[in-house]
Each structure stands twice: as structure tokens, then as C-alpha cells.
């Protein structure tokens with residue numbers, strides 16, 4: 001097996017992360033969940049133009065924290081007789097919830113599928129955030145200046161993480177869904193949102209995060225990998241802190257939206273997928289999360305693969321979710 005470009009594997013399996021964890025991290029997320037639970041979701045189901053026999057397809061809208069209307073695709077078996085499992089799907093950075101047809105395999109097995117559109121990205125969800133500073137490029141740093149001024153609740157990924165948990169709660173409350181048989185999955189940003197979702201909604205039973213993003217920001221920076229998906233970290237320092245006078249405070253603030261810090265909350269059975277040559281979401285940034293999860297977990301390693309299509313992952317995930 002080739003070496004990773006990162007730490008050797010025997011060091012990765014013990015790596016616990018570099019980015020700092022804010023002292024009030026737990027209180028921060030408990031307050032966020034309290035706000036989410038007190039928000040009137042005002043759920044609306046609008047029949048989609050895309051329809052196929054035996055399946056009902058809807059645009060699902062709900063009001064998230066801060067009043068934004070959030071969109072997801074919802075597909076379910078028509079005329080379901082008894083409560084059945086559900087799968088939550090989360091997309092990659094800047095993308096959207098994808099095509100209707102790529103969700104039909106799960107519906108054919110009798111599952112409801114809900115696929116979120118992240119705020120302010122390529123789908124139909126609303127981003128109504130009002131923040132200080134940069135709004136030109138990058139959502140990791142959206143609201144970062146507010147966080148540095150004592151308002152970390154303005155971090156946009158706080159709202160997106162809460163959207164995942166709110167969507168899970170909405171789906172679990174549907175009369176045709178069995179809340180004890182719900183799973184979640186996604187790749188890259190979608191992998192990070194899978195982790196956030198299962199940490200904030202611990203009733204989810206199974207999850208397949210695929211090379212998750214949004215972890216161990218300081219480690220990524222120190223590896224000189226603040227490029228591609230993490231490029232906005234470099235851009236923030238270049239434009240807003242060129243002498244790195246605020247560097248420590250920046251990484252501490254980013255700790256609020258670092259999924260490694262959510263990992264200890266997880267109770268879900270996890271199949272984690274990683275490419276050990278991943279230069280976009282470095283292996284160490286992923287192991288920082290994985291090693292802090294105390295729930296049942298298995299890591300599926302692809303030694304020769306990077307942040308790319310990984311053979312058989314969809315099939316393995318499908319079979320894993322059949323166990324719901």
C-alpha cells in the first residue's frame with residue numbers, strides 16, 4: 001500500500017485533531033438546537049413536475065432558523081400502508097440536491113428520501129443571512145467577522161448544520177416514516193453535513209459519510225492545503241488579516257463549525273468512506289473526527305484514491321442502509 005501524502009496510517013489511527021475547540025462549544029449548540037426546536041417549520045409539500053408510477057415526488061419547503069425558507073426534494077412510495085425507513089441525503093459544496101431519478105432505488109425498496117438544498121448554494125434554498133465582511137466567496141467564512149466580534153451564531157454553517165437536524169425531525173414526524181429507521185449520507189460537504197446531522201439528531205440509526213469536509217481547519221492550513229474547497233481560508237487571511245494578527249481567534253471561531261467537535265455527541269452506526277490520497281479533505285482532518293466517535297463505526301479505506309469517484313461505494317451504502 002502506498003503512503004498517504006498525509007501522516008502515515010499508524011499515526012492517523014491515533015490522530016485527535018489540531019483545531020481548537022471553543023470553551024462554550026456545547027452551550028453554543030444547545031442554544032442552537034433550542035432555537036431550532038422553537039422555530040415554526042411551516043412545512044409545505046408542493047407536487048413536483050417529475051413524477052413516476054408508484055412514487056410521489058414533492059418540493060418540500062420549511063422555515064429554518066433565522067426565518068429562511070429551506071428547500072429539499074422529497075420522494076416517497078405511493079400509498080404506503082405502514083411506516084417505513086427514510087434516507088436523508090446531503091450534497092457537495094456549492095452543489096444542490098441532484099436529480100430526482102438518482103433517488104429512486106431507495107424508493108423502490110420502500111424508503112422515503114429527503115435531499116436538502118443548502119442555503120445560498122446551487123439549489124432552491126434561501127440564504128437570508130446578514131453578516132459583516134465577505135459575502136463574495138465561501139461559506140466557511142460567512143459570518144466569521146461576526147464570530148470574532150462575539151456573535152458566532154452568525155456563522156452560516158451553524159444555520160446549515162441546524163437545517164440538517166430540522167429536516168431530519170420533519171421527516172421523522174411524517175406519519176408514513178418510522179423514526180427509528182432513518183439514515184443519512186453524503187460526500188464531501190455532504191459527508192460533513194451527515195456528521196452534523198447525526199450529532200444534532202441522535203435518533204438517526206445509520207450513516208454513510210464519504211470523505212467529509214469542514215474539519216480540523218488549522219490542520220488543513222498547516223498542511224498548506226487551504227486551496228480547492230478550503231481556499232477561502234487563505235482568501236480570508238489575505239484580505240482581512242494579512243499579518244495573521246487574529247489567527248488564533250480565527251481558528252477558535254471556526255471551531256464552532258468544526259465537525260470533529262460534534263463527533264462525541266454521535267450515537268449512530270457509521271460506515272465511513274475515505275480515500276487515503278485525498279488532498280482536498282486530507283485524511284488527518286477526517287481521522288480527527290472518526291477517532292472521536294464513540295458509537296459503532298467502520299472505516300472503508302481506498303488507499304489509491306483521492307477526492308473522487310470511489311468504486312462500489314454507492315452499492316455498499318445501499319446494502320448498509322438495507323439494514324435499517
- prompt: Calculated from DSSP H runs of 4 or more alone, at -39500 (n - 2.57) each and per residue, what is the 222 nm mean residue ellipticity of the chain, nearest 500?
  reply: -8500 deg cm²/dmol
message: So if I take the centroid of the Cα atoms in the range 203-230 and the same for the range 29-96, what is the distance between those two points in Å?
response: 25
field: Range of Cα positions in the chain per principal axis (Å), largest first
entry: 61, 48, 31
message: Could you tell me the relative contact order of the range 169-296? Use alpha-carbon pairs under 8 Å, at least six residues apart, and round to a whole percent.
response: 29
message: Using only Cα atoms and rounding to the nearest 10 degrees, what angle (0 to 90) does helix 231-240 make with the longest principal axis of the chain?
response: 50
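For 25, 309, 90, which order do you get if you count the other beta carbons within 10 Å of each Cβ and list the fewest first?
The fewest-first ordering by Cβ neighbours comes to 309, 25, 90.
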field: In degrees, nearest ten, helix 189-200 long axis to first principal axis of the chain (Cα)
entry: 80
query: Once both axes come from the Cα atoms, what is the angle between helix 25-38 and the longest principal axis of the chain, in degrees from 0 to 90, rounded to 10?
result: 30
task: Quick one: compute the contact order of the chain, relative version, from alpha carbon pairs under 8 angstrom and 6+ residues apart, as a percent.
output: 19
message: Sorted from largest to smallest, which semi-axis lengths in Å does the alpha carbon gyration tensor of the range 1-91 give for its equivalent ellipsoid, taking the root of 5 times each eigenvalue?
response: 38, 25, 13
query: Where the eigenvalues come from the Cα gyration tensor of the range 284-324, what are the semi-axes √(5λ) of the equivalent ellipsoid, largest first, in whole Å?
result: 19, 18, 7
message: Using a Gaussian network model on the chain with a 10 Å cutoff between Cα atoms, which of 207, 199, 68 fluctuates the most?
response: 68
- prompt: Can you give the alpha-carbon Rg of the range 19-68 over 2.2 N^0.38 Å, where N counts its residues?
  reply: 1.79
message: How large is the translational diffusion coefficient of the range 137-292 in µm² per second when you combine the Kirkwood radius over alpha carbon pairs with Stokes-Einstein at 20 °C and 1.002 mPa s?
response: 133
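Throughout, read-outs are computed from the coordinates displayed, never taken from laboratory work. From a predicted model like this one, the values you see are computed outputs, not experimental measurements. Virtual Cβ from ideal backbone geometry, glycine too; neighbours counted across all protein chains shown.
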